Amino acid sequence: MAGSEGREELRTIDEINEKIRRGDAVVLTAEEMIELVESSGLEVAAKEVDVVTTGTFGAMCSSGVFLNFGHANPPIKMSKCWLNDVPVYKGLAAVDGYLGATAMSESRPFEYGGGHVIEDLVSGKEVELRAEGYGTDCYPRRRVETVITIDDLNQAILVNPRNCYQTYDAATNSTDRVLYTYMGTLLPNYGNVTFSGAGQLNPLCKDKNYETIGVGTRIFLGGGVGYIIGEGTQHNPKGNSGTLMVRGDLKQMDSRYLRGASLYRYGTTLYVGIGIPIPIINMRVAETAALRDEDIFVDIRDYGVPLRPDLRPVVRRVSYAELRSGKVAINGRDVPSSSLSSYKMAREISEKLKEWILEGRFLLTKPVEPLPRHREFKPLKVRRREPRVRDIMEREVVTANPEDDIQAAAKKLIDRGVDHLPVIDRETGKLLGIVTSWDLAKAIAQEKRTIREIMTRRVVTAMEDELVDVVARRMARHNISGVPVIDEERRVIGIMTTDDISKKLVGGGATS
């Protein structure tokens, strides 16, 4: 339903709050609303239901907490600060700090970080505080070490700049190597698909036009009461990627709904539970509140292509229903799909919020300002020139075919003075493998006969638009001295080696 008919008022938030106080409000979770619409129709459901509750529980990296430690005696102006060896941002007043969820422990990086400290604080655990200062007349102390709990803090205010994506692209990997990303571990050759978000329970999917969700909306946040304080960073409503900035008192929260986590070989984060009540004020809101997983779509993007997130190739567009089924069809075969967020916890949050409202413990608020429905989404412009693979790679590549003779291949390397021999399909030119001068020397000693017997099939590669320093780090991580450069069809278009980097960049020979 669209237009003015969809916006015709059914009830106001004030009227709903009065019904909540009297104990007369009809409150359903988003799942229950879907069932009612399917059994009785949208108009019946819209007239009967006052509030629909939503929920989501997933990794929300752009989260953190403002802390006030109070003054020691003598006092210190903290210029550096750590909690359980995790750095706290200290570009603030003397004893204020901001602890980000993705800040990592200096002694246990990738295992423990800001998200874990936040969980520990909410759990009532003791946390080690260490701080340094440069000393002034009014803040003479230069160092402090102590142990604190959340009860020792004057304030602990969770302020999350970007939470609760409306929808979030799913991820897969077309390359021959494993990728470790904020979307989890992505297996080679489209080996799996990962996704995030609660779909039909997700708050911004239930009020996709932002008619009831705005600045000042009261929400369930981390097991306590919080508020929306504005649009989240990277808010992109035109791309169905609206986000929220939220705040709440950490001292009122529950560690069941705030959990530190580590993404293997990527970093640390915080899992945040958020639930938002959707007042059914008109038919338009009722319609979006009844959307099912089958009606909510996201793109599966190829994380194997090293581009900005919005420029990564779209492999398929799929519904949450298909993603949640456990398998997704890609290139004619079923690929396992798995969620990084917890639908079970999202359901629990929607039910908990429903309980609060029915008990009269939670009233709704009318937004004091709507969220933007139009916002230009700008990428970062890098104005300084950065060398890319295409600037230094060798475009004349010596290649081999799988059935080539070992002796002939070795002669090719000697004649051309190179150490890497990409192996390609004779007809398509696509990369199949690679051999090095060391591989060939060993093969001759072992009396191998063809390239197929010795080639490395899982090849570390580069794209010509990638930054040289990114590829150099990849080469160092795999302890290799060269990579074939391929196009989107995996055809070999060049090769880049450590010699190219040292001669053309360090030696100043890169093209402009």
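For (1) of a type in the set (Lys, Arg); (2) closer than 13 Å to Glu287 by Cα; (3) over 37 Å from the mean Cα position of the chain (by Cα), each residue gets a yes or a no:
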{"residue": "Glu18", "(1), (2), (3)": "no, no, yes"}
{"residue": "Arg22", "(1), (2), (3)": "yes, no, yes"}
{"residue": "Glu32", "(1), (2), (3)": "no, no, no"}
{"residue": "Ala45", "(1), (2), (3)": "no, yes, no"}
{"residue": "Val49", "(1), (2), (3)": "no, yes, no"}
{"residue": "Ala59", "(1), (2), (3)": "no, no, no"}
{"residue": "Ala72", "(1), (2), (3)": "no, no, yes"}
{"residue": "Pro75", "(1), (2), (3)": "no, no, yes"}
{"residue": "Trp82", "(1), (2), (3)": "no, no, no"}
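Over 30 Å from the mean Cα position of the chain (by Cα) and under 22 Å from Ala441 (Cα atoms) - does that describe any residue in the stretch 474-481?
Yes: one or more hits.
Tally the residues that are of a type in the set (A, V, I, L, M), out of contact with any Phe, Trp or Tyr (no Cβ under 9 Å at 6 or more places or on another chain) and part of a strand (DSSP E or B), restricting the search to the stretch 285-317.
The number of residues fulfilling the criteria is 1.
Please enumerate the residues belonging to the stretch 340-356 that are closer than 25 Å to Glu231 by Cα and not charged (D, E, K, R).
Listed by number, the residues that qualify are Leu340, Ser341, Ser342, Tyr343, Met345, Ala346, Ile349, Ser350, Leu353.
Give the residues of the stretch 225-248 that are touching a Leu at 6+ places or on another chain (Cβ under 8 Å) and either under 23 Å from Glu32 (Cβ atoms) or small (Gly, Ala, Ser) (or both), sorted by residue number.
Hits for the stretch 225-248 are Gly226, Gly230, Gly232, Gly242, Gly248.
What number of residues within the stretch 446-482 are outside any helix (DSSP H, G or I), out of contact with any strand residue (DSSP E or B) (no Cβ under 8 Å at 6 or more places or on another chain) and not basic (Lys, Arg)?
4
Hey, can you tell me all the residues within the stretch 169-186 that are in a loop (DSSP other than H, G, I, E, B), modelled with pLDDT of 95 or more and either under 12 Å from the mean Cα position of the chain (by Cα) or farther than 17 Å from Arg316 by Cβ (or both)?
Correct list: Asp169, Tyr182, Met183.
With the checklist (1) touching a Pro at 6+ places or on another chain (Cβ under 8 Å); (2) of a type outside the set (A, V, I, L, M, F, W, C); (3) buried (at least 18 other Cβ atoms within 10 Å of the Cβ) in hand, flag the one item Gly223 doesn't pass.
So Gly223 meets the others, but not (1).
With the structure loaded, tell me whether Val435 is part of a loop (DSSP other than H, G, I, E, B), at pLDDT below 95 and not assigned by TED's automatic domain parsing to the domain that holds Thr233 or whether it fails that test. Talk me through it step by step, then tell me what you get.
Numbers: part of a loop (DSSP other than H, G, I, E, B): no; at pLDDT below 95: yes; not assigned by TED's automatic domain parsing to the domain that holds Thr233: yes.
Spelling it out, it is not the case that Val435 is part of a loop (DSSP other than H, G, I, E, B), at pLDDT below 95 and not assigned by TED's automatic domain parsing to the domain that holds Thr233.
Let's see how each residue does on (1) free of Cβ contacts under 8 Å to residues at least 40 places away in the same chain; (2) crowded, with 21+ Cβ neighbours inside 10 Å; (3) hydroxyl-bearing (Ser, Thr, Tyr); (4) more than 26 Å from Leu353 (Cα to Cα):
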site: Asp50; (1), (2), (3), (4): no, yes, no, no
site: Phe66; (1), (2), (3), (4): no, no, no, no
site: Met78; (1), (2), (3), (4): no, yes, no, yes
site: Val88; (1), (2), (3), (4): yes, yes, no, yes
site: Ala101; (1), (2), (3), (4): no, yes, no, no
site: Asp137; (1), (2), (3), (4): yes, no, no, yes
site: Val147; (1), (2), (3), (4): yes, no, no, yes
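So for the stretch 169-180 (the condition being in contact with a strand residue (DSSP E or B) (Cβ under 9 Å, 6 or more places away or on another chain), over 27 Å from Ala261 (Cα atoms) and of a type outside the set (A, V, I, L, M, F, W, C)), does at least one residue qualify?
Yes, the stretch 169-180 contains a residue that is in contact with a strand residue (DSSP E or B) (Cβ under 9 Å, 6 or more places away or on another chain), over 27 Å from Ala261 (Cα atoms) and of a type outside the set (A, V, I, L, M, F, W, C).
Being surrounded by fewer than 20 Cβ atoms within 10 Å (Cβ to Cβ), of a type in the set (Gly, Ala, Ser) and touching a residue at least 60 places away in the same chain (Cβ under 8 Å) is the requirement here; does Ser481 meet it?
Here the answer is yes, as Ser481 does meet what is asked.
Answer yes or no as to whether Ser337 is assigned to a strand (DSSP E or B) and farther than 30 Å from Val37 by Cα.
In short, no.
Name every residue in the stretch 258-278 that is surrounded by 24 or more Cβ atoms within 10 Å (Cβ to Cβ) and in a loop (DSSP other than H, G, I, E, B), in order of residue number.
Result: Ile276, single match.
Pick from Glu111, Glu119, Glu128, Glu106: which is under 18 Å from Asn68 (Cβ atoms) and among the acidic types (Asp, Glu)?
Glu128
Among the candidates Ala472, Ala443, single out the residue that is aliphatic (A, V, I, L, M) and surrounded by fewer than 21 Cβ atoms within 10 Å (Cβ to Cβ). I'd like the intermediate steps shown before the answer.
Details: Ala443 fails: surrounded by fewer than 21 Cβ atoms within 10 Å (Cβ to Cβ).
On inspection, the qualifying residue turns out to be Ala472.
Is it the case, given these coordinates, that Leu244 is touching a helix residue (DSSP H, G or I) at 6+ places or on another chain (Cβ under 7 Å) and of a type in the set (A, V, I, L, M, F, W, C)? Write out each step before concluding.
Values: touching a helix residue (DSSP H, G or I) at 6+ places or on another chain (Cβ under 7 Å): no; of a type in the set (A, V, I, L, M, F, W, C): yes.
Here the answer is no, as Leu244 does not meet what is asked.
The values are calculated or read from the model by the stated rules, or taken from the named source; none is laboratory data. These numbers were taken from a predicted model, which means no experiment stands behind them. Don't worry about glycine lacking a Cβ; one is built from the backbone with ideal geometry, like all the others, and counts go over all protein chains shown.
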